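The values are calculated or read from the model by the stated rules, or taken from the named source; none is laboratory data. Predicted, not measured: the structure shown is a model, and the values here were computed from it. Heads up, the Cβs are rebuilt from the backbone with ideal geometry, glycines too, and the neighbour counts pull from every protein chain shown.
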Amino acid sequence: MKLASFLLRLALVLAAVALAMLGARAVSPPPAAAHYAFGTGPAIVLVHGLGSSSAHWLRTARILARRHRVELVDLPGHGDSAMPDPFSLEQAEASLDRALASIAGGPVVLVGHSLGGLIAAAEAIDHPSRVRALVLVEAPLKQDLDPNERAQLLAALDGDYRGVVRDAYESFGRDSAQGAALWAEVSALDPSLIKPWIRLALSTDLSSRAAAIGAPVLAVMAARSWANDQPWSAARDAMGYRAIANLTPIRLEGCGHFVMLDRPEALATAIERFADARTNGAIAVR
C-alpha cells in the first residue's frame, strides 16, 4: 500500500509539472527578433514583409545610415528569427518589441513594409513609448475583402498553396520579371512558416484600433494601392487608415509593391524627411 500511495503521489506531481510546463510554453515570450545595425545617429528600424528578407532593405538602409543608426529586423520565421510556437499576432509583436527594447537611445522611427507594417502598427498601438514615428510602406491594416472572399482564400491556401502564393507574389512585381523573381524567393521558404503568416494577414483587422496610434504616421504607397485617379480618402479607407489622427500620405510613382527595391532613393528621402520632421503635410517625393 505504501508503494502504491507513493506512486500515486509521484504521478500527481509529474502531472502537475507537465501542466506547468505546458502553461509556460503557452505564455512564455518569444525570443527577440534577430536584428542587425549599422550607421550612427537616431535609430530607424526597418521591418521587411512576408516571404521577404532584410536584404530587400539594404539599398534604402545604406542611404539612411549616412545620418542614422539603421536596424534591420528579421520577422519571426524569417532569416535568423525563430518562429513562435504557438504563433499569433501577439507573439509576433512581442518578438519585435523585445528587439526594440534592446535598442539604445529611446523611441525609434519604426518602418514596416507590407505585413511587417501590420506588426509595426500593432507595436505602435500597444507600446507607444517605443515608437516616435511610424512609416507604413504598402502596409494595409486590414484586407479589403468581404467574408466570402476571405473564406475562399483561406480554403484555397490549404488546397493550392503554391498557386495562391505564386499569383500573389507575381502580382507584387513592378513587371513580370520582378514578379517571377519574388515568387522564386518565397517558393524556396518552408510553407509551414509562411501559411500561418498568410492566415494572420487575412484574418487581422487593426483598423478599429488605429485611433490608438499616437505617433505621427507616414503612409508610403505605390499606384497599385493608391491609383492616380483615386481619391486619397478611398485609398485610406481601403488600407484601414481612416482612424489614424496624424497621417501623412505619399504616393511613389514607377514602382510595385516592393517599393524599397524599385525606388530606394526616393523611399529613403521620404523616410528621412519624415523622421527629421523637416516638412509638414504632404511630402513631395516623386
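Just a few scattered comments:
- Test result for ILE250, crowded, with 18+ Cβ neighbours inside 10 Å, in a strand (DSSP E or B) and not small (Gly, Ala, Ser): yes
- Residues satisfying the stated conditions in segment 69-91, i.e. closer than 20 Å to VAL259 by Cα and over 15 Å from the mean Cα position of the chain (by Cα): VAL70
- Test result for VAL259, at pLDDT 95 or above, more than 18 Å from ILE213 (Cβ to Cβ), of a type in the set (Val, Ile, Thr) and touching a strand residue (DSSP E or B) at 6+ places or on another chain (Cβ under 9 Å): yes
- Residue satisfying all of: in segment 200-228; in contact with a Cys (Cβ under 9 Å, 6 or more places away or on another chain) and in a loop (DSSP other than H, G, I, E, B); surrounded by the most Cβ atoms within 10 Å (Cβ to Cβ) among these: ALA223
- Across segment 30-57, the qualifying residues are those that are in a loop (DSSP other than H, G, I, E, B) and aliphatic (A, V, I, L, M), and the one among them that is surrounded by the most Cβ atoms within 10 Å (Cβ to Cβ) is ALA33.
Okay, residues lined up against (1) part of a helix (DSSP H, G or I); (2) surrounded by 19 or more Cβ atoms within 10 Å (Cβ to Cβ); (3) free of Cβ contacts under 8 Å to residues at least 12 places away in the same chain:
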position: GLN230; (1), (2), (3): no, no, yes
position: ALA235; (1), (2), (3): yes, no, no
position: ILE244; (1), (2), (3): no, yes, no
position: GLY254; (1), (2), (3): no, no, no
position: MET260; (1), (2), (3): yes, yes, no
position: ALA266; (1), (2), (3): yes, yes, no
position: THR269; (1), (2), (3): yes, no, no
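- Residue match in segment 198-215 (condition: closer than 27 Å to PRO84 by Cβ and in contact with a Ser or Thr (Cβ under 9 Å, 6 or more places away or on another chain)): yes
- ALA11 vs. criteria surrounded by 15 or more Cβ atoms within 10 Å (Cβ to Cβ), more than 20 Å from VAL137 (Cβ to Cβ), modelled with pLDDT under 90 and small (Gly, Ala, Ser): no
- Residue in segment 107-115 that is without any contact (Cβ under 8 Å) to a residue 60 or more places away in the chain, farther than 14 Å from THR204 by Cβ and of a type in the set (A, V, I, L, M, F, W, C) present: no
- Residue tally, condition among the small types (Gly, Ala, Ser), touching a Leu at 6+ places or on another chain (Cβ under 9 Å) and either part of a loop (DSSP other than H, G, I, E, B) or surrounded by fewer than 19 Cβ atoms within 10 Å (Cβ to Cβ) (or both), over segment 124-148: 1
- The combined condition, being in a helix (DSSP H, G or I) and in contact (Cβ under 8 Å) with a residue 40 or more places away in the chain, is fulfilled by LEU153.
- Residues being in a helix (DSSP H, G or I), free of Cβ contacts under 8 Å to residues at least 24 places away in the same chain and out of contact with any helix residue (DSSP H, G or I) (no Cβ under 8 Å at 6 or more places or on another chain) - total across segment 175-199: 4
- Matching residues in segment 174-188 - criterion: being under 21 Å from ASP80 (Cβ atoms) and either surrounded by fewer than 16 Cβ atoms within 10 Å (Cβ to Cβ) or aromatic (Phe, Trp, Tyr) (or both): GLU185, SER187, ALA188
- Residues of segment 123-143 satisfying the condition of being within 15 Å of TRP197 (Cα to Cα) and either of a type in the set (Gly, Ala, Ser) or touching a His at 6+ places or on another chain (Cβ under 8 Å) (or both): ALA139
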